[in-house]
Amino acid sequence: MKKILLVSGCSYTTANYNSHYHTDMKCDWPKWPEILANKLGMDCINVGFSGAGQEYIYTSLVNNIHRENIGLVIAGWSRACRRDYYYYGKNHWQNDHWDEKGDNHYFIDRTLMFQYSFQQLCKSLGLKYKQVQIINTYESAKWVDSDDVWPVARGKVLTREQHYFQMQKNPLFNLIDDNFIGFPGKELGGFCMQDFMKHPEDYISDKDKHPNAKGHQVIAENIYERLG
């Protein structure tokens, strides 16, 4: 019986991606978790969800981590500012791209809390694990029809550099181990997977900056090379 690769993430990870800009496009190419599982000789369980934030990613992994025969668990983290919530009666998750509650510092601290908790949970269960920032934790919000960099409800606007400086001030920052690929981001000498998608042919289109078939290959190969 093959081992299982368990993965969660956002729209850069989900197996069920549908383009907002190209509604007639079939985006049924293999996504990076499936490609990576094939490279590892594993079966893939991909619980990624479009628009997901850190709470969904963490919770979806916790809810599946009990499965037998798990060979590797990967958390593919998203934007710090996203909000996830669940309707129990509908058995359905939803998410907002910008959490209207709290402020920028809280979003950063919350992200580190989920990342550290995931790390420690996997350690306590004796599971092999990796973390990877698929897209940058910082959200510029420039891709929507808005002049705001961060909505006013967030409080003080942080630049990208201030965002990462604030991460360093959290005590959990220094407790994240080497199983986090590329931590903590380009501004502090690390990287996210999107940094390796350097060519227009890695994306669906100029409007839809999600990975196409080639882009998912790029992500899978860069994670595979760093599994150690």
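What follows draws every value from the coordinates through simple rules; no lab data is involved. Everything quoted here is computed from the prediction, not taken from an experiment. In this analysis, Cβ positions are derived from the backbone assuming ideal geometry, glycine residues included, and neighbour counts consider all displayed protein chains.
Numbers for the structure displayed
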read-out	value
Nearest-0.05 FRET efficiency for Glu68 and Asp178, computed from C-beta distance (R0 25 Å)	0.40
Listed values (1) 50, 45, 27; (2) 52, 44, 43; (3) 50, 43, 32, entry calculated as Cα extents along the principal axes in Å	(2)
Contour minus Cα-Cα distance for Leu188 and Tyr86 (0.36 nm per residue)	33.3 nm
Note, ³J(HN,Hα) from phi for the stretch 204-214, Karplus 6.51, -1.76, 1.60, rounded to Hz, x at Gly and Pro	5, 6, 5, 7, 9, 8, 9, x, 8, 4, 5
For Phe183, residues with placed amide H under 5 Å, excluding near neighbours	Phe191
³J(HN,Hα) computed for each position of the stretch 181-192 - Karplus, 6.51 cos²θ - 1.76 cosθ + 1.60, integer Hz, glycine/proline x	5, x, 4, x, x, 4, 5, 10, x, x, 6, 10
Sorted by Cβ neighbour density within 10 Å, fewest at the top, the residues Ser50, Ser8, Ser205	Ser205, Ser50, Ser8
Long-range HN-HN contacts of Asp103 with modeled amide H, under 5 Å	none
Under Karplus coefficients 6.51, -1.76 and 1.60, residue-wise ³J(HN,Hα) of the stretch 90-98 in Hz, glycine/proline x	9, 6, 9, 8, 9, 8, 10, 5, 9
Gaussian network model of the chain, Cα within-10 Å springs - most flexible of Cys192, Cys27, Cys81	Cys27
Over the stretch 4-224, relative contact order from alpha-carbon pairs under 8 Å, at least 6 apart, %	22 percent
FRET E, pair Phe165, Thr23, Förster distance 41 Å, beta-carbon r, rounded to 0.05	0.55
Pair Lys207, Lys3: separation of 7 Å Cα→Cβ label points (nm)	4.3 nm
Residue exposure sequence - Met167, Met42, Met25 - by fewest surrounding Cβ within 10 Å	Met25, Met42, Met167
Positive-pole candidate from His199, Asn69, Thr14, dipole of the stretch 4-224, charges at beta carbon	Asn69
